[in-house]
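Below is one structure, written out as structure tokens; comments come after it.
Coordinate-derived values only; no laboratory data. Just so we're clear, the structure is a prediction, and the values are computed from it rather than from any experiment. Note that each Cβ is placed from the backbone with ideal geometry, even for glycine, and that neighbours are counted across all protein chains shown.
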Amino acid sequence: MISTLILVSSFAVVGVTIYSGEAYIGYTKNLFLGEGIIESGGLYAYRLDIPQWFWIIAGAFVGFAAFIVFKKHQKYLWASSALLGGCLTLILGYLLYESLFMPTFFNTKVNATTNLIVNFGHSIISSTISLLAYWAIKFARRNKHHET
């Protein structure tokens, strides 16, 4: 239960503090490592403005979904613990890769400590979306079995 509360509350906080405002969605035309992609002009991106109210409404939706799951199907709450473990693994993996492997093997310097915040946000947002998808699939399967 506590892991679900941490994940759900972090979702809205991360959205409002990190992912509000100017955002870019795009792809690369060439493969590069690190920030070199931006310096070389190899990024095709489209600019979006994501307002804070979007994250507040999304956070309220996720909180409401968690409340329903907590009230009716507590057995589905365990997944948030696994997802938080995955968040920690992702954050530490990127930290090690960016601080040890990239400078050593690719001669590319990246500010790994600055990227901790972005990697935390990325992992929380994607884990929360995964949790919602897991709950939706479980409920759909559960309802399908009750109909037959």
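Structure values in brief
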read-out	value
Pairwise FRET efficiency - Ser126 versus Leu96, Cβ, R0 = 25 Å, nearest 0.05	0.80
In Hz, Karplus ³J(HN,Hα) per residue of region 124-129 (6.51, -1.76, 1.60; θ = phi - 60°; x = Gly, Pro)	5, 4, 5, 5, 5, 4
Kirkwood-Stokes translational diffusion coefficient of region 45-124, alpha-carbon pairs, 37 °C, 0.692 mPa s, µm²/s	212 µm²/s
Residues of region 106-148 with amide N under 15 Å of the 7 Å Cα→Cβ point at Ala65	124-141
